[in-house]
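The values are calculated or read from the model by the stated rules, or taken from the named source; none is laboratory data. The structure presented is a predicted model; accordingly, all values stated were derived computationally and were not measured. Neighbour counts run over all protein chains shown; Cβ positions are idealised from the backbone, glycine included. We work out accessible area using only protein heavy atoms, side chains counted, and drop any ligands, DNA or RNA first. Shrake-Rupley method; radii C 1.70, N 1.55, O 1.52, S 1.80 Å.
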Amino acid sequence: GYTFSAWVDLNNGEEVTTISKGTTGDITLVATWTPIEYNITYKGIDGLNNNNNPKTYNYESTILFQAPASKEGYIFAGWLDSKGQPVAYINPLTTTGGLVLTADWQPRVYIISYEGLGGSSTTNISNYTIETETITLTNPAKRNGYTFTGWVDEKNQPITEIRKGSTGNRVITAKWNVVTYKITYKGLEGATNSNSNPTSYTIETDT
């Protein structure tokens, strides 16, 4: 972890490269060393590293690595070394040489909530990540007295799929049209039906 710098005279602190002919007396020489600077390379960060993560280190460094800037759709799970092992810090007593650290990102899980089912059910998945393949929404189960007309998003806009690469929790609402049933009256035999008798009804019609 060091390179040799020079011999220094313990008595006067001066660098010594030679002992001249004619010199007398005991001399104590102390070796001085310069820490070697090793490079640290960060990968998988799209250029958005934390400013507190150094680009180099030496044998005297004590470094606790910080999380890089956030990445949409992912949670930072830590740094991995070239062998895929977690690295949280540099131990100056055991670490030498250049380091290559790769950010370990895990896809963030988003929730899909389905509303307006009115007692019906859906087989559509309830969560997804930014890496999930495009989700094509299927119709909910049949709802007695209603016809399903489609799904709408949080802005009440029609939605048929959640594309791969999307992020964020979603609230998707089922839209229904009430079915109108016809009422036919028979057996009047010339009598006039009351105007109060309706010609149709729906599941929502009051008794």
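By how many nm would the segment from VAL30 to ASN50 grow when fully extended, if each residue of separation counts as 0.36 nm and the alpha-carbon distance is taken off?
Stretched out fully, the VAL30 to ASN50 stretch lengthens by 3.2 nm.
Would you mind giving the average projected area, over all directions, of the Cα convex hull of the chain in nm² with one decimal?
20.9 nm²
Go through ALA6, THR41, VAL152 and say which Cα lies farthest out towards the positive end of the charge dipole of the chain; charges sit on Cβ, +1 for Lys and Arg, -1 for Asp and Glu.
Working it through, the farthest residue towards the positive pole turns out to be VAL152.
For ILE159, what charge total do you get from the other residues with a beta carbon under 12 Å from its beta carbon, if Lys and Arg give +1 and Asp and Glu give -1?
It works out to a net charge of +1.
Within the range 53-120, report the GluC sites (Glu not before Pro) that DSSP leaves as loop and that have at most 11 other Cβ atoms within 10 Å.
Sparse-neighbourhood loop GluC sites (Glu not before Pro): GLU60, GLU72.
Residues with amide H under 5 Å of ILE36's amide H, sequence separation 5 or more or different chain, H placed in the peptide plane at 1.01 Å from N; which?
TYR2, THR3, TYR59
Residues with amide H under 5 Å of TYR74's amide H, sequence separation 5 or more or different chain, H placed in the peptide plane at 1.01 Å from N; which?
ARG108
At most 15 other Cβ atoms within 10 Å and a DSSP loop assignment: could you name the chymotrypsin sites (Phe, Trp or Tyr not before Pro) in the range 135-207 that fit?
Filter output for the range 135-207: TYR185.
Taking amide hydrogens as modeled 1.01 Å from N in the peptide plane, which residues meet the under 5 Å criterion relative to LYS164, leaving out close sequence neighbours?
The answer is THR134, ILE135.
Taking 4 °C and 1.567 mPa s as the conditions, I'd like the Stokes-Einstein D for the range 1-75 in µm²/s, using the Kirkwood hydrodynamic radius from alpha carbon pairs.
D = 78 µm²/s.
Find the accessible area per residue for the chain; the probe is 1.4 Å, ligands and nucleic acids are left out, and the unit is Å².
For the chain, the per-residue accessible area is 69 Å².
Among the lysines, which have Cα under 29 Å from the Cα of LYS164 when same-chain residues fewer than 8 positions away are ignored?
Result set, ordered by chain and number: LYS43, LYS71, LYS142, LYS155, LYS175.
Over the range 111-207, what percent of the accessible surface lies on carbon and sulfur atoms, probe 1.4 Å?
Of all accessible area on the range 111-207, carbon and sulfur atoms account for 46 percent.
Less than 13 Å Cβ to Cβ from THR28, Lys/Arg counted +1 and Asp/Glu -1: what total charge do the surrounding residues give?
Net charge in that neighbourhood comes out at -3.
Have a look at GLY165, GLY119, PRO92 and report the one farthest towards the positive end of the charge dipole of the range 43-195, computed about the Cα centre with Cβ charges (Lys/Arg +1, Asp/Glu -1).
It is GLY119.
From the backbone phi of the range 35-52, what are the Karplus-calculated ³J(HN,Hα) couplings (6.51 cos²θ - 1.76 cosθ + 1.60, θ = phi - 60°) in whole Hz, Gly and Pro given as x?
x, 7, 8, 9, 7, 10, 10, 10, 10, x, 10, 6, x, 10, 7, 6, 4, 7
Output the direction-averaged projected area (hull surface divided by four) of the convex hull of the alpha-carbon atoms of the range 71-178, in nm².
That works out to 9.1 nm².
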